[in-house]
Amino acid sequence: MSGLFITLEGVDGAGKSSHMQWLPDFFAQQGLEVVMTREPGGTPVGEKLREILLHESMSQETEALLMFASRQENLNRVIKPALAAGKLLLCDRFTDSTYAYQGGGRHFDTGKIAALENWVQAGLNPDLTLLFDVPLAVSRERLGRHGASLDRFEQENDTFFEAVRNAYLQRAANDPARFMVVDSTQPFDQVKEFVEAGLLKFIRQRINAHT
Ligand code: TYD
């Protein structure tokens, strides 16, 4: 028996973190056992890598390699065991973030990202990806409102975030079966309803496919 692998994506300030709060309860209500993790991070080594990635300056190559080093640990220690146990694994960011931020934002060679993806994941991909999408002005405004100190990625300029968003939307357009694009400019409750409806449909399809 294998579980369900669901990832959450979006530019900083798109509302992903707010919706991450209610999702575990929602899945539990559907009778699904949920394991949550995040990237970079999710394991003791991954969380140390996260600290370095968010706060230390480094080359693009190092950044991409450390993202995948964190991912390797997360896959081995958290993601694969949860899926093998038939659980629902919810991951806050995964490889689409690398294509969007390193590939789109930093213009890092996507061929190299694909090589790392093939090596580390060996064909293991999310079953469903929720992409929280907002125009640049909205995400910038929301980020500013937090008032907290911004990390290395959040400090990037508008051109960077526009490229990140476009890379996400391009990936979603290329793989509509996996992506659910969420218009996150709507009020919170409306976004929540849309996501709930989409998830229920997805879960029912999965259950029907296995019966
Ligand atoms: P996130 O956890 O969403 O930040 P926060 O807790 O501040 O909301 O993500 C951390 C940052 O890491 C985010 O700016 C995107 C970046 N990131 C990449 O650049 N590449 C990746 O592969 C991943 C997983 C994250």
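Descriptive notes on the structure:
- Shape call, region 53-161: gyration tensor on alpha carbons, a/c limit 1.5: prolate
- For peptides 75-87, 50-62, 31-43, sequence by mean Cβ density within 10 Å, most packed first: 31-43, 75-87, 50-62
- Around the Cα centre of region 4-209, unit charges on the Cβ atoms of Lys, Arg, Asp and Glu (plus for the first two, minus for the last two) sum to a dipole of about 500 debye.
- Cα point-scatterer Debye curve for the chain, base-10 log of I(q)/I(0) at q = 0.13, 0.16, 0.17 Å⁻¹: -0.73, -1.14, -1.30
- Dipole of the chain, positive direction: furthest Cα of 55, 76, 207, with charges on the beta-carbon: 207
- Förster radius 35 Å - calculated FRET efficiency between residue 30 and residue 59 (Cβ-Cβ, nearest 0.05): 0.20
- Links that overshoot a 26 Å alpha carbon limit, given the list 112/201; 87/201; 48/80: 112/201
- Label point distance in nm, residue 45-residue 202, each placed 7 Å from Cα along Cα→Cβ: 2.9 nm
- More than 10 Å apart - percent of Cα-Cα pairs taken over region 31-70: 70 percent
- Each label point was placed 7 Å from the Cα along the Cα-to-Cβ direction; for residue 193 and residue 178 their separation is 3.1 nm.
Each value in this text was obtained by applying a stated rule to the coordinates, not by laboratory testing. All values derive from a computational prediction rather than experimental measurement. Neighbour counts are summed over all protein chains in view; Cβ atoms, including those assigned to glycine, are modelled from backbone coordinates with ideal geometry.
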